[in-house]
1. Going by what's in this entry, would Ile64 be described as out of contact with any Asp or Glu (no Cβ under 7 Å at 6 or more places or on another chain), part of a strand (DSSP E or B), modelled with pLDDT of 95 or more and surrounded by 20 or more Cβ atoms within 10 Å (Cβ to Cβ)?
2. Within the range 162-188, how many residues turn out to be part of a helix (DSSP H, G or I) and over 17 Å from Lys65 (Cβ atoms)?
3. Looking at the range 154-169 only, could you name the residues that are small (Gly, Ala, Ser) and buried (at least 17 other Cβ atoms within 10 Å of the Cβ)?
4. Considering only the range 116-127, state which residues are free of Cβ contacts under 8 Å to residues at least 60 places away in the same chain and surrounded by 15 or more Cβ atoms within 10 Å (Cβ to Cβ).
5. In the list Gly30, Gly90, Gly7, which residue meets the criterion of being open to solvent by less than 50 Å² (accessible area, probe 1.4 Å), at pLDDT 95 or above, outside any loop (DSSP other than H, G, I, E, B) and farther than 23 Å from Ile209 by Cα?
6. Out of the residues in the range 67-87 meeting the condition of being surrounded by 15 or more Cβ atoms within 10 Å (Cβ to Cβ), among the charged types (D, E, K, R) and not in a strand (DSSP E or B), tell me which one is modelled with the highest pLDDT.
7. With respect to the numbered conditions (1) open to solvent by 30 Å² or more (accessible area, probe 1.4 Å); (2) modelled with pLDDT under 95; (3) outside any loop (DSSP other than H, G, I, E, B); (4) farther than 17 Å from Glu159 by Cα, which one is the sole condition not fulfilled by Pro20?
8. Being under 21 Å from Ile71 (Cα atoms) and either of a type in the set (Asp, Glu) or at pLDDT 95 or above (or both), is that true of even one residue in the range 101-121?
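The values are calculated or read from the model by the stated rules, or taken from the named source; none is laboratory data. Everything numeric in this text was worked out from a predicted model, so none of it was measured. Methodologically, a virtual Cβ is constructed for each residue, glycine included, from the backbone with ideal geometry; neighbour enumeration extends over all protein chains shown. Ligands, DNA and RNA are excluded from the accessible area calculation, which covers all protein heavy atoms including side chains. Shrake-Rupley method; radii C 1.70, N 1.55, O 1.52, S 1.80 Å.
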Amino acid sequence: MIAVIKGDIIHSRKLSNPEPWLIPLQGLFGQWGNTPKTWELVWGDFFQIEINQPEDALKRALQIKTLIKKIQSENSEKTSSPVDVRMAIGIGEKTYTGAKISESSGSAFVFASERFDRLKKDRLNLAIQSPWKEFDLEMNLFFDFAGIIMDHWSISSAELMDIVLNQPSITQTEIGEKLGIKQNSVSGRWNRTHGAKLLEMEVLFRQKILNLTK
């Protein structure tokens, strides 16, 4: 079993300069594997990434979300529709490995594509499709609520969540030093981010996937 994330950058074509989000996104994907076999970023705003450990899929999606949400540029400030990201997670089998991820196949790729095609119609920015229908129903409900929170994050909230996702053992004092703010300010920002609840959701997702794939 593997996971596949398919996504696109919302409103990216309204910006004259995509570099503020494009280069960091390529850098993030590069930490997880090589292009084009493991991931591809095509047409300037559409991406696909393969994740060998499906239990990592939600954390990867959250890392992508926080990276895009924390980016601030003159371009994004001038548009009434700032850039964001929508993603579909597919979990299933991989039956063929191509030279490019776009040439690989299996149920994980099919599920990711099918769910991605319905995101805009369903007005969702994050959803999952897997062989387990009850799991999908439960997790998509969590994702829906999480999306309401994340879609309204400030840049500072996204910056904080990005740090925590990439450095899970970091303390609030260390975060404050990194951001140049006091520890009590970090605590207040963390509460407004609803980061603890999002991390609980990630842990729940991870545990359920591990149980289902035993």
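1. Working: out of contact with any Asp or Glu (no Cβ under 7 Å at 6 or more places or on another chain): yes; part of a strand (DSSP E or B): no; modelled with pLDDT of 95 or more: yes; surrounded by 20 or more Cβ atoms within 10 Å (Cβ to Cβ): yes.
So Ile64 fails the test.
2. Step one: filter the range 162-188 for residues part of a helix (DSSP H, G or I), giving 162-166, 172-179, 183-188.
Now narrow it down to the ones that are over 17 Å from Lys65 (Cβ atoms): 172-179, 183-188.
Number of matching residues: 14.
3. Start the filter on the range 154-169 by keeping residues that are small (Gly, Ala, Ser), which leaves 154, 156-158, 169.
Hits for the range 154-169 are Ser157, Ala158.
4. So in the range 116-127, the residues free of Cβ contacts under 8 Å to residues at least 60 places away in the same chain come out as 117-124, 127.
Within the range 116-127, Leu119, Leu124, Ala127 meet the criteria.
5. Working: Gly90 fails: farther than 23 Å from Ile209 by Cα; Gly7 fails: farther than 23 Å from Ile209 by Cα.
None of the other options fit; the residue is Gly30.
6. Per the stated criteria, the residue is Lys69.
7. Here Pro20 clears every test but (4).
8. Keep residues of the range 101-121 that are under 21 Å from Ile71 (Cα atoms), which gives none.
Within the range 101-121, not a single residue is under 21 Å from Ile71 (Cα atoms) and either of a type in the set (Asp, Glu) or at pLDDT 95 or above (or both).
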